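Take this structure first; my questions come after.
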Amino acid sequence: MIDRFLYYVIVAPLSRMPLWYIYLITDFFFVIIYYIKPYRKKVVMTNIGKSFPEKGGAEHKKTSRRFFRFFTDLLAEATKNLAISETSLRKRLRVRNPELMKGLYERNKSVVLVAGHYNNWEFLITGVNILFPHQAFGIGTPLSNKFWDDRITRRRERFGMKVTNAGSYKQSLKEFSDGPTSVLVLGDQSPAHNASVYWTRFLNQDTAFYFGTEVLANQFDMAVVYASVHKIRRGYYELELKLITENPRQEVYGAITEGYIRLLEKDIHSAPDRWLWSHKRWKMEAPKDLASVRENHKSKFEKRFRA
């Protein structure tokens, strides 16, 4: 009952308000979660400190404060995203080089579009099907709250993008086999378990990544494109596309995943306050026999895709 009340009485009506009005509310919310009742402030500071040990405490605090400003702006934009019009979304998220995706489409090439929780990924999720000619899919983990998962999924799908999950994506893609598809993956989530993860150094730490992008690309021979979201000004973003590979089956093990990770890392270094530092990204500890784990993971991949 409380979920329905929050959505229909507060969130849905608020999403129809002008964005500047929603910013007024989230500006006040910033004061609350940063100064009065801190929200995951220790997690944010710990993550930033470990990721940038070369910077001092004062710089860490500055990055933390800027992150919370970004975070509350993102809450405003995510709320507006639930009701934003197609015209407004096109104005607020422009593509710098759309010819990359257009060219792949004309060559009948499906694409894994990989991005991170950097700048405004909510505009990207909602707008991907209207920005590019491919039929768009989004692979994600359903929210634990079924009511919110259903409402948010419906709003994300309203411009034609189809939301699926890791357990059913194969069937979903087969249903749209008439033309090229694009699958959007936010690849920087923290894996829930040790099975089939890819270990690498990321932001100065041993980090586990989902390996799904590389597997998906090799399964369906899909090109892999990194979506870099740049902030132009408050509420306005530009999407820059970067081709990682057009021929995944010619790439060596890990090349696709490393390509994505290094591009994301470069973006984070360019504006460190605009990544989701409140996420407990490093919950999984690296195994003591990391070298053998990596070799075993590589062996399984090559046996499946390169034998």
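The values are calculated or read from the model by the stated rules, or taken from the named source; none is laboratory data. Everything numeric here is computed off the predicted structure, so don't read it as measured data. Here the Cβ is made from the backbone with ideal geometry for all residues, glycine too, and neighbour counts use every protein chain on show.
Where in region 112-187 are the helices (runs of 4 or more DSSP H), entirely inside, with at least 3 residues that are under 22 Å from Tyr7 (Cβ atoms)? Steps first, answer last, please.
Details: elements: 121-131, 146-156, 169-175.
Of the helices (runs of 4 or more DSSP H) lying wholly inside region 112-187, those with at least 3 residues that are under 22 Å from Tyr7 (Cβ atoms) span 121-131, 146-156.
I need the full set of residues from region 90-111 which are over 18 Å from Tyr21 (Cβ atoms) and assigned to a helix (DSSP H, G or I), in order please.
Applying the first criterion (over 18 Å from Tyr21 (Cβ atoms)) to region 90-111 yields 90, 93-111.
Arg90, Glu99, Leu100, Met101, Lys102, Gly103, Leu104, Tyr105, Glu106 - these are the residues of region 90-111 that are over 18 Å from Tyr21 (Cβ atoms) and assigned to a helix (DSSP H, G or I).
Within region 152-189, how many residues turn out to be polar (S, T, N, Q), under 30 Å from Trp282 (Cα atoms) and at pLDDT 85 or above? Don't jump to the end; show me each part of the working.
Residues of region 152-189 that are polar (S, T, N, Q), as a first pass: 153, 164-165, 168, 171-172, 177, 181-182, 189.
Okay, now just the ones that are also under 30 Å from Trp282 (Cα atoms), so 153, 164-165, 168, 182, 189.
Remaining after also requiring at pLDDT 85 or above: 153, 182, 189.
Selection size over region 152-189: 3.
Conditions (1) in contact with an Asp or Glu (Cβ under 9 Å, 6 or more places away or on another chain); (2) at pLDDT 95 or above; (3) surrounded by 13 or more Cβ atoms within 10 Å (Cβ to Cβ); (4) outside any loop (DSSP other than H, G, I, E, B), marked per residue:
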residue: Tyr35; (1), (2), (3), (4): no, yes, no, yes
residue: Thr46; (1), (2), (3), (4): no, yes, yes, yes
residue: Phe67; (1), (2), (3), (4): yes, yes, yes, yes
residue: Phe70; (1), (2), (3), (4): yes, yes, yes, yes
residue: Ser88; (1), (2), (3), (4): no, yes, yes, yes
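Now for a separate question. Does Ile130 fit the bill of being touching an Asp or Glu at 6+ places or on another chain (Cβ under 7 Å), β-branched (Val, Ile, Thr) and farther than 20 Å from Lys280 by Cβ? First the steps, then the outcome.
Working: touching an Asp or Glu at 6+ places or on another chain (Cβ under 7 Å): yes; β-branched (Val, Ile, Thr): yes; farther than 20 Å from Lys280 by Cβ: yes.
Answer is yes for this residue.
Hey, another quick one. Out of the residues in region 259-307 meeting the condition of being of a type in the set (Phe, Trp, Tyr) and under 22 Å from Asn204 (Cβ atoms), tell me which one is surrounded by the fewest Cβ atoms within 10 Å (Cβ to Cβ).
If we filter region 259-307 for residues that are of a type in the set (Phe, Trp, Tyr), which is where we start, we get 260, 275, 277, 282, 301, 305.
This time we only want the ones that are under 22 Å from Asn204 (Cβ atoms), so: 260, 275, 277, 282.
Values: Tyr260: 25, Trp275: 26, Trp277: 25, Trp282: 18.
The extreme case among them is Trp282.
Output the residues belonging to region 227-238 that are surrounded by fewer than 23 Cβ atoms within 10 Å (Cβ to Cβ) and part of a strand (DSSP E or B). Quick ask: steps written out before the conclusion?
Residues of region 227-238 surrounded by fewer than 23 Cβ atoms within 10 Å (Cβ to Cβ): 228-238.
Within region 227-238, Ser228, Val229, His230, Lys231, Ile232, Arg233, Tyr236, Tyr237, Glu238 qualify.
Follow-up. Just the residues that are within 13 Å of Ser110 (Cβ to Cβ) and under 19 Å from the mean Cα position of the chain (by Cα), please, taken from region 135-184.
Selection gives Gln135, Ala136, Phe137, Tyr169, Thr181, Ser182, Val183, Leu184.
Inspect all residues belonging to region 245-262 and state whether any of them is at pLDDT below 95 and in a loop (DSSP other than H, G, I, E, B). I'd like the intermediate steps shown before the answer.
Filtering region 245-262 down to residues at pLDDT below 95 leaves none.
The answer is no, given that none of the residues of region 245-262 is at pLDDT below 95 and in a loop (DSSP other than H, G, I, E, B).
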